[in-house]
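Worksheet: the structure to be examined is printed underneath.
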Amino acid sequence: MSKYRRIALIILVLEILFIVFANLYMAGTKREAHGGEYKVDIYRIKGRMEKGESLETIDLSDYKNVVSVKPYVSGEESAYEYVVETVGDKLYRFEYKGEENFGPLIIMNIGLGLMLVITVAMLIYFGRKVLTPFNGISNMPMELAKGNLTKPLEEEKSRYFGKFLWGMDMLREKLEDDRIRELELLKERETLILSLSHDIKTPLSAIDLYTKALETDLYETKEKREEALAGIDKNVAEIKRYVSEIADVSRKDFLTLTVNNGEVYLGKVMDKICEYYGKKIRLLHTEFEVEDVPNCLLYGDEDRMVEVLQNALENAIKYGDGKEISISFDEEEDCKLITVTNTGCVLGEEELPNLFDSFYRGSNSKDVGGSGLGLYICKELMHKMDGEVYAKVSSGTFSLTFVFKKL
């Protein structure tokens, strides 16, 4: 803020200096202009006198800058400025006055004064309404990055930052809730995994006993040995069930995806997509084609619809060859199909069933960064909107088709 005050002070000083220099320049210009006017009048009167005209016949009212003309008397005082000129063999005193027009100078100073007042008002307004609120939130992203999620943001009614602060505070609360939920979930998983691990010990011990008994020929009859083998099979099946439960627990609910379903206009969704990706994709020198958008009413969450299409386009940009990306539309029964297609696909058909698994990355992702969650998130969101998503590989192109319910 102190830096802003210094800058504001410099601006005001420069503006005041400009006003001072403008006044000095205007005053000098007026003096020069006025000096030229009275000299012209005196020259004209003197010329008439030299031609023989007497002072009584010369009407001085025709010369606005000359007050009087009379023989020069040394030491005589006058209320006006004068010059002494020689006409014939006599000296005459030409008294003059300046009728200065201060109108332009006044108008100029009023304009410059208003400009100075407006500048001061704007600097004060900018400082209070923009810089002060911004200084209050400038450390917020750093605090969030450090994991400090407990400190709430102070309320700010600034028209420029009010909505931003509200969104930042919502983000902070969401991150804090997610962290609490994550810790609770980790605790539950740890408890469950420990419990299941403990339960596995019982069938493992039974298998160990059966195995040792069989090794030492403890069972003399065939029936006893078959019972031991059946016991081993039973406990192996029980261990498999526990392992499956552990795998399920470790995989589910690691992402919280909330969806608010309702009526959504397809045209509105596509406007948001085209507004950003139309520029971005063309800047990459990639041909981007979008079919005419049928503005129908769909069932789902507008923000989530935009999100799944963004994921599809980001994948097309990252994993395509940069030649062409297109969006097309189709209908099937009571559903609207939106297909995002890109060229340059090197995936095999055998990889398609795994593309929507969490953390799975295809064979074309070797030199491309990512988490393997994009398509998994798309599928989860589409299911929550009672929709579906499919992948298809055909003649070097890759397509993602999103199926939305029509209303």
So for the pair Leu214, Asp330, with labels modelled 7 Å out along Cα→Cβ, what separation do we get in nm?
-> 5.4 nm
Mind listing the long-range amide H neighbours of Cys335? Cut-off is under 5 Å, sequence gap 5 or more, other chains count too, H placed in the peptide plane at 1.01 Å from N.
-> Lys406
Stretch gain in nm, segment Glu388-Ile118, where the contour uses 0.36 nm per residue and the Cα spacing is subtracted = 91.3 nm
Once amide H atoms are built 1.01 Å from N in the peptide plane, which residues 5 or more positions from Gly344, or in another chain, come under 5 Å H to H?
-> Asp321
Above-threshold pairs, the threshold being 19 Å between Cα atoms, out of Lys212/Lys240; Lys39/Lys64; Lys187/Lys234; Lys46/Lys90; Lys318/Lys392 | Lys212/Lys240; Lys187/Lys234
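For Phe18 and Tyr125, calculate 0.36 nm times their separation in residues minus their Cα-Cα distance, and state this gained length in nm to one decimal. Present the calculation step by step, with values, prior to reporting the outcome.
Working: separation 107, 0.36 × 107 = 38.52 nm, distance 2.29 nm.
Computed gain between Phe18 and Tyr125 is 36.2 nm.
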Which of the aspartates and glutamates could be linked to Lys280 by a straight reach, that is with a Cα gap under 12 Å, when you skip same-chain ones fewer than 8 residues away?
-> Glu314
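Where a number appears in this text, it was derived from the coordinates with a stated rule and is not lab data. It should be emphasised that the depicted structure is a prediction, and the values quoted were computed from it without experimental measurement. All Cβ positions, glycine included, derive from the backbone under ideal geometry; neighbour counts span all protein chains shown.
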